[in-house]
1. Round to the nearest 0.05 the FRET efficiency obtained for residue 93 and residue 122 when R0 = 41 Å and r is the Cβ-Cβ distance.
2. Given the C-alpha centroids of the range 1-77 and the range 104-123, what is the distance between them in whole angstrom?
3. Quick one: divide the alpha-carbon radius of gyration of the range 40-132 by 2.2 N^0.38 Å and tell me what you get.
4. Determine, for each peptide in 93-101, 50-58, 25-33, the mean count of other beta carbons within 10 angstrom over its residues, then list the peptides with the highest first.
5. Near residue 99, within a Cβ-to-Cβ distance under 10 Å, what is the net charge of the other residues, with Lys and Arg +1 and Asp and Glu -1?
6. Modelling each spin label as a point 7 Å along the Cα-to-Cβ direction, I'd like the residue 38/residue 24 distance in nm, to one decimal.
7. Would you mind ranking 80, 116 by Cβ crowding within 10 Å, fewest neighbours first?
8. What are the ³J(HN,Hα) values, in whole Hz, obtained from phi via the Karplus relation 6.51 cos²θ - 1.76 cosθ + 1.60 with θ = phi - 60°, for each residue of the range 47-54 in sequence order, with x given for Gly and Pro?
Amino acid sequence: MCLVLSLALPLDRAKTCFVIATTLFGLITIVSIVGMIFYLVSAGFYPEHLKFDEASYMYVKQGDHHFSWLVLAGVIMLLIYLVPFLLRPIDFLENFKGYTVGLISYLLLIPMFANIFTIYSMCNLHDISWGNRPTTGTTGTEAFS
């Protein structure tokens with residue numbers, strides 16, 4: 001949808017659709033992070049081995065535990081979001097509301113930056129009407145069009 005809108009419409013007419021896409025992508029990001037936290041809390045660093053039982057189509061616990069590199073990678077990935085809080089703890093405590101609102105905004109807008117801006121910019125590479133160079137003569141926009 002973003003690709004078609006970027007190719008077909010100017011930005012002011014496609015803004016509503018981009019806002020809807022940004023909201024959906026942001027909600028998916030938040031749900032993914034909550035799901036990761038739920039998995040990490042329920043699995044722990046030493047989850048139990050599971051084996052698929054073909055007769056019942058279910059996973060059966062084996063009783064032995066192992067160290068999970070997936071859990072360690074998930075914990076490290078989620079700790080990245082806490083680095084600004086850890087680097088400036090006094091500022092974080094004084095501006096708790098600002099840090100919290102900033103973190104939520106950051107999480108909601110990551111997909112827009114990574115997906116929508118990239119798609120829009122790639123679809124509009126042909127637009128060379130902006131800039132500060134003069135467009136007169138054969139070296140300006142006429143040379144490309």
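Coordinate-derived values only; no laboratory data. None of these values were measured; they are calculated from a predicted model. Cβ coordinates were reconstructed from backbone atoms using ideal geometry, including for glycine residues, and neighbour counts include every protein chain displayed.
1. Given R0 = 41 Å and the Cβ-Cβ separation, E is 0.45.
2. 18 Å
3. Rg over 2.2 N^0.38 Å, computed on Cα atoms: 1.81.
4. Put in order of decreasing packing, that is 25-33, 93-101, 50-58.
5. Residues close to residue 99 contribute a combined charge of 0.
6. Result for the modelled spin labels: 2.1 nm.
7. 80, 116
8. x, 7, 5, 10, 10, 7, 9, 5
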